[in-house]
């Protein structure tokens, strides 16, 4: 018996079933927020570049992205939803390092908070931030003056340089300074049930997510605090040359 004789011909009903079970590429792409297979290739490339970037993370807190909500755009003082990533090192050569994605979220007090006066921020800086940032109040105020009108994050350097082992993050807008204190999370404090593989982060190392709320909110003066116009321009040039605030990240 030949192969032609042994293989039954596919009838019309079987052809219809095969066509119906064909992978719904258009629906898949639409669900992924994509339009064409080319979009999918670009997404795969972006995922690969993301892993390469994250692999270089060391003892710093690295900004990932903002998480903007539509309702936040209508608020006078929107909450700074954002994600940061931190690498947590293993003490064993047999275990891979882990990653923590820190996500900012409103505390229970956010809606009721009234920004504290800037004089209170000065005290907060002297008591809490200065031992960790290792630079003067005048230096940080020059940053505030030079970047007036912008919204940005400012954080201290490596966790190992912090006297309290925390990352101190400031979100500065045209009106307020929102303060975050990101605590230390050691490698063995991450439970197995909290871990997962995120292909945007690593295909081998585990990732977990932690949520952190704001610690305090302070007013930002609507005038330059310490700088003259000439000093502001000079500070902007320092930013462009990447020579300002060597121990912090803006």
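Read-outs throughout are calculated quantities, based only on the coordinates presented, and are distinct from any laboratory measurement. Given the structure is predicted, the values throughout are model-derived calculations rather than measurements. Methodologically, a virtual Cβ is constructed for each residue, glycine included, from the backbone with ideal geometry; neighbour enumeration extends over all protein chains shown.
Can you give the angle from 0 to 90° between the axis of helix 137-146 and the longest principal axis of the chain, with both taken from C-alpha atoms, to the nearest 10?
60
Along the Cα→Cβ direction, 7 angstrom out, place labels at residue 91 and residue 234. What is the inter-label distance in nm?
With each label point 7 Å from Cα toward Cβ, the separation is 4.9 nm.
Return the label of the correct value of percent of Cα pairs over 29 Å apart, as calculated from the structure shown, out of (1) 47; (2) 27; (3) 30.
Matching the structure shown: (1).
Ranking request for peptides 116-127, 219-230: highest mean number of other beta-carbon atoms within 10 Å first, then the rest in descending order. Intermediate values should be presented prior to the final figure.
On the way: 116-127: 14.7, 219-230: 12.9.
Order by mean packing, descending: 116-127, 219-230.
Set the Förster distance to 35 Å, then compute FRET efficiency between residue 29 and residue 194 from the Cβ-Cβ distance, nearest 0.05. Display every interim value, and only then the final one.
Details: r = 32 Å, r/R0 = 0.90.
Approximately 0.65, to the nearest 0.05.
Can you figure out the FRET efficiency of residue 108 with residue 22, using R₀ = 51 Å and their beta-carbon distance, to the nearest 0.05? List each step's numbers first, then the result.
Numbers: r = 50 Å, r/R0 = 0.99.
Once the sixth-power term is evaluated, E becomes 0.50.
Going by alpha carbons, how many degrees (0 to 90, nearest 10) lie between the helix axis of 37-55 and the longest principal axis of the chain?
Long axis of 37-55 versus the principal axis of the chain: about 50 degrees.
So, in nm, how far is label residue 163 from label residue 71 when the simple model puts each one 7 Å beyond its Cα toward the Cβ?
Going by the 7 Å Cα→Cβ label model, 4.0 nm.
Can you give the calculated 222 nm mean residue ellipticity of the chain, where each DSSP H run of n ≥ 4 adds -39,500 (n - 2.57) and the sum is split over every residue, rounded to the nearest 500 deg cm²/dmol? List each step's numbers first, then the result.
Details: 8 runs with 73 residues, N = 250.
That comes out to -8500 deg cm²/dmol.
Against the longest alpha carbon principal axis of the chain, how many degrees, from 0 to 90 and to the nearest 10, is the axis of helix 229-241 turned?
Approximately 40 degrees, to the nearest 10.
What full-extension length gain, to one decimal in nm, is calculated for residue 226 and residue 42 as 0.36 nm per residue of separation minus the Cα-Cα distance? Display every interim value, and only then the final one.
Numbers: separation 184, 0.36 × 184 = 66.24 nm, distance 4.64 nm.
Extending this stretch completely gives an extra 61.6 nm.
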